[in-house]
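All remarks here apply to the structure that follows.
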Amino acid sequence: MAKLFSMKLTHVSPVWYDLKSDRNKLSLEGQHNYDAGWVSELQNSGSLVVPRVVLEAFPGVVLLKKKSRDKTIELIVSECRDKGYDGVVLESWSRWAAYGVLDDPELRQLALQFVKQLGEALHSISSKSSTRNHLELIYVIPAPRMEGPNNQDFGPEDLLQLADSVGGFSLMTYDFSGPQNPGPSAPLKWIQYSLTTLLPAKGSASQVHSHMIFLGINFYGNDFLLSKGGGGGSITGRDFIHLLEKYKPSLQWDDKSSEHFFIYSDKGVRHAVFYPTLLSLSVRLDEAQDWGAGLSIWEIGQGLDYFFDVL
């Protein structure tokens, strides 16, 4: 899909890498996933290849010790240089939240400084595939909670602090519902709330940073059990087509979330399926366009081919 629709994709981020720590020893796992031909083909088509790196290393190792912090950055930068990537997508905020890093003002500041340092280190190197560009850092950020901000949210102050060192922010506006609370994947009001929380009001003031936001769009859906105790999980386009063919349900439009869903029963258990459609995607694309934001799709192989028609 990346090769087929490369003309529509500014960046492609293969999910290849994890940066781990064993005591004080740091290692970048996933190098075996590298596909030189595929990377080269995409870059020749005009897409920037920026693999995702999940920072799984223990925060105390990476953030509190300068030597380890420098080593972490060196591992990432060296991999980009060796493989000819155009930068990386870094995912660390949710890990830091789980470890309580974001609740401590000093640790939070160290965490933000680490992201800045990595961004600046990458930006100091020219991209092989585009002589006009430097290596980019795109940072993954969670969407704010609707019930109000807390310490673990990534807020507007964090965005301002990183804006000069980061090429963009991949905003995870999906996974709103789960097996214990079945419902839409990305209600439109939640998307609007997320953008409003992170950015000033629509207009010239918001344009300064809105172009740095890659609004998260899910190409997967969910099949939830509606029985007591819940259950179920994510589905791809292939699963969605199978369910439509097998149960022949009628699609319903939920005005509140601006998403389609259908209900079916299997062995006496009712299911609710939420999966993107051209209409639900178009509504979200219009919202991103209104703000002057980009898009971050999770993930291109999980959708239906014609989803790319609206991009």
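On the given criteria, is residue 62 in contact with a helix residue (DSSP H, G or I) (Cβ under 9 Å, 6 or more places away or on another chain), outside any strand (DSSP E or B) and in contact (Cβ under 8 Å) with a residue 60 or more places away in the chain? Against the criterion (in contact with a helix residue (DSSP H, G or I) (Cβ under 9 Å, 6 or more places away or on another chain), outside any strand (DSSP E or B) and in contact (Cβ under 8 Å) with a residue 60 or more places away in the chain), residue 62 does not qualify.
The single condition among (1) hydroxyl-bearing (Ser, Thr, Tyr); (2) more than 19 Å from residue 183 (Cβ to Cβ); (3) open to solvent by 50 Å² or more (accessible area, probe 1.4 Å) that residue 234 does not satisfy is (2).
I want to confirm something. Restricting to the stretch 8-38 and keeping residues that are within 17 Å of the chain's Cα centre (by Cα) and crowded, with 17+ Cβ neighbours inside 10 Å, which single residue is nearest to residue 133 (Cα to Cα)? Walk me through how you get there before you give the answer.
Step one: of the stretch 8-38, the residues within 17 Å of the chain's Cα centre (by Cα) are 9-18.
Now drop any that are not crowded, with 17+ Cβ neighbours inside 10 Å, which leaves 9, 11-14, 16-17.
Values: 9: 16, 11: 13, 12: 16, 13: 17, 14: 20, 16: 23, 17: 23 Å.
Per the stated criteria, the residue is 11.
Only residues that are in contact with a Leu (Cβ under 9 Å, 6 or more places away or on another chain), among the acidic types (Asp, Glu) and not in a strand (DSSP E or B): list them for the stretch 250-289, please. 287 - this is the single residue of the stretch 250-289 that is in contact with a Leu (Cβ under 9 Å, 6 or more places away or on another chain), among the acidic types (Asp, Glu) and not in a strand (DSSP E or B). Condition check for residue 78 on (1) crowded, with 20+ Cβ neighbours inside 10 Å; (2) not in a loop (DSSP other than H, G, I, E, B): one failure, at (1).
A quick yes/no check of all residues on (1) of a type outside the set (Lys, Arg); (2) crowded, with 19+ Cβ neighbours inside 10 Å:
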residue: 175; (1), (2): yes, no
residue: 183; (1), (2): yes, no
residue: 191; (1), (2): yes, yes
residue: 195; (1), (2): yes, yes
residue: 218; (1), (2): yes, yes
residue: 227; (1), (2): yes, no
residue: 239; (1), (2): yes, no
residue: 246; (1), (2): no, no
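Of all residues in the stretch 44-75, those satisfying the criterion of being touching an Asp or Glu at 6+ places or on another chain (Cβ under 7 Å) and open to solvent by 40 Å² or more (accessible area, probe 1.4 Å) are 52, 56.
The values are calculated or read from the model by the stated rules, or taken from the named source; none is laboratory data. Remember, predicted model here, so these are calculated numbers, not experimental data. A quick note on method: Cβ atoms are made from the backbone with ideal geometry, for glycine too, and the neighbour counts reach across all protein chains shown. Just so you know, the surface numbers come from the protein's heavy atoms only, side chains and all, with ligands and any DNA or RNA stripped out. Shrake-Rupley method; radii C 1.70, N 1.55, O 1.52, S 1.80 Å.
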